[in-house]
Each structure stands twice: as structure tokens, then as C-alpha cells.
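The values are calculated or read from the model by the stated rules, or taken from the named source; none is laboratory data. In this text, all values refer to a predicted model and were calculated from it rather than measured experimentally. Virtual Cβ from ideal backbone geometry, glycine too; neighbours counted across all protein chains shown.
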């Protein structure tokens with residue numbers, strides 16, 4: 001199948017450069033994305049550290065606590081005309097793989113954490129639907145930090161981030177959480193992505209998903225450039 005890396009990335013980033021980032025609403029432990037694109041219950045109680053930013057229907061939100069836990073959502077409009085069409089499992093997962101490798105990872109992870117890498121990825125299912133599952137290594141990306149009391153220096157460890165990608169309601173979503181929780185400092189351990197249980201983070205993401213609702217269709221004004229998996233424009 002033909003890759004569509006550059007068109008996907010251009011479609012993802014094709015928002016006005018002078019557009020101010022939009023923030024969602026958070027009340028009573030429930031986060032509502034701009035435009036009511038989706039809602040999600042905080043998995044970390046009513047007062048998590050929350051970071052979000054959207055440009056129209058493209059953006060992300062993360063919930064964090066002081067003990068190294070993180071849950072987050074990244075989303076864009078579907079960038080392939082066949083996304084979510086349920087043609088067959090091979091095509092569905094190829095679309096999700098392309099979105100993840102060529103659009104989401106460069107824009108949301110590699111651009112933020114120098115040296116970020118995809119350690120393991122493979123097709124799978126999530127909530128009985130095709131999905132793309134991966135573990136990322138994000139240097140300095142851990143949600144918790146260690147403060148040296150003598151110097152005041154803040155040290156943030158690496159993150160081994162478990163993610164799952166799927167399509168719902170005209171949008172492609174990436175849910176993420178820490179595959180392991182590590183403490184910043186010299187005793188920090190790495191995550192073995194080839195050991196049994198490498199994807200044990202999926203039940204946590206399934207529980208996170210259970211607190212979400214999705215827009216059932218894509219608003220006309222949010223539709224952007226789309227491509228077929230063969231690279232042809234819609």
C-alpha cells in the first residue's frame with residue numbers, strides 16, 4: 001500500500017497560523033473538548049493537573065497527578081476517506097497505522113520530546129474494533145518530576161507511553177497512559193517492550209474509554225483535506 005506521509009502531515013497541520021489555541025471546559029470531573037467534540041471523565045479524580053490545546057478539531061488533553069500517572073487523548077478529523085468504513089481489518093489497521101506513524105507521532109510526540117521513538121507497534125482490537133497499539137519512549141516525558149532540595153533543579157524522567165489508536169464518529173483518536181510508572185533519578189528503570197505483558201496498559205485505557213462520549217458525526221465546518229490509502233484526494 002502506498003504511504004501518504006507528507007499529505008497526511010500537511011492535512012494535520014493545515015490550521016491558520018494566527019489562530020489562538022482553544023481550551024475545553026472542565027467541571028465536576030468531566031472534560032468537554034471545544035465544540036463538544038468529545039467528553040471524558042477524569043480518571044484521576046476531580047482535581048488533576050490538566051493540560052489541553054486545540055486548533056478547531058485538532059488537539060489533545062492530558063490528565064496527570066503528582067505520582068506519575070497520566071491519561072490523555074489526541075484527536076484529529078479522519079485524514080483518510082476510508083477511515084471507519086470497516087472495509088476489512090487489513091485496510092482499517094493500515095489507515096490507523098499511517099495516521100499514527102506519519103501524522104500523530106511527528107506532530108504530537110517527536111516535535112515535543114527530542115529523541116522520541118516508537119519502540120513497538122502492532123495491529124490489534126480495542127472495544128471489539130480494529131486498532132493500532134504501540135509503546136513510545138519519550139525522553140524527559142514523565143508526568144512526575146523530582147526536585148533537588150539543595151539546588152532546586154527539577155529532573156523529569158523518561159516516559160514509556162502506551163497508546164491505542166482508533167476511529168470514531170469521523171475522527172481518529174489516540175488514547176495514552178504510562179506503560180510503567182517510574183521515579184525520576186538514577187534508579188529509574190526501563191520498560192521491556194518485548195517481555196510478556198507489554199500491552200498490559202490496555203485495560204486501563206479501556207476503562208478510560210468507558211468514560212468518554214463522542215460526537216456522532218463531523219461538523220461540516222471542521223472537514224478538511226482527506227486522502228484515500230492509495231494517496232488519491234477525495
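Test each condition in (1) under 29 Å from residue 88 (Cβ atoms); (2) part of a strand (DSSP E or B); (3) without any contact (Cβ under 8 Å) to a residue 40 or more places away in the chain for residue 105 and report the one that comes out false.
Every condition holds for residue 105 apart from (2).
Out of the residues in region 25-46 meeting the condition of being within 14 Å of residue 62 (Cβ to Cβ) and assigned to a loop (DSSP other than H, G, I, E, B), tell me which one is farthest from the chain's Cα centre (by Cα).
Selected residue: 44.
Identify all residues within region 138-165 that are farther than 17 Å from residue 204 by Cβ, assigned to a strand (DSSP E or B) and in contact (Cβ under 8 Å) with a residue 24 or more places away in the chain; write none if there are none.
138, 145, 146, 155, 156
Give the residues of region 73-93 that are more than 17 Å from the chain's Cα centre (by Cα), outside any loop (DSSP other than H, G, I, E, B) and surrounded by fewer than 22 Cβ atoms within 10 Å (Cβ to Cβ), sorted by residue number.
Across region 73-93, the qualifying residues are 89, 90, 91.
Looking only at region 85-103, which residues are in contact with a helix residue (DSSP H, G or I) (Cβ under 9 Å, 6 or more places away or on another chain) and within 10 Å of residue 132 (Cβ to Cβ)?
98, 99, 101
May I ask you to verify whether residue 70 is over 20 Å from residue 168 (Cα atoms), modelled with pLDDT of 95 or more, surrounded by 19 or more Cβ atoms within 10 Å (Cβ to Cβ) and in contact with a strand residue (DSSP E or B) (Cβ under 8 Å, 6 or more places away or on another chain)?
Details: over 20 Å from residue 168 (Cα atoms): yes; modelled with pLDDT of 95 or more: yes; surrounded by 19 or more Cβ atoms within 10 Å (Cβ to Cβ): yes; in contact with a strand residue (DSSP E or B) (Cβ under 8 Å, 6 or more places away or on another chain): yes.
Against the criterion (over 20 Å from residue 168 (Cα atoms), modelled with pLDDT of 95 or more, surrounded by 19 or more Cβ atoms within 10 Å (Cβ to Cβ) and in contact with a strand residue (DSSP E or B) (Cβ under 8 Å, 6 or more places away or on another chain)), residue 70 qualifies.
Which one is nearest to residue 72 (Cα to Cα) among residues in region 110-135 that are without any contact (Cβ under 8 Å) to a residue 40 or more places away in the chain and buried (at least 20 other Cβ atoms within 10 Å of the Cβ)?
Among residues in region 110-135 that are without any contact (Cβ under 8 Å) to a residue 40 or more places away in the chain and buried (at least 20 other Cβ atoms within 10 Å of the Cβ), the one nearest to residue 72 (Cα to Cα) is 134.
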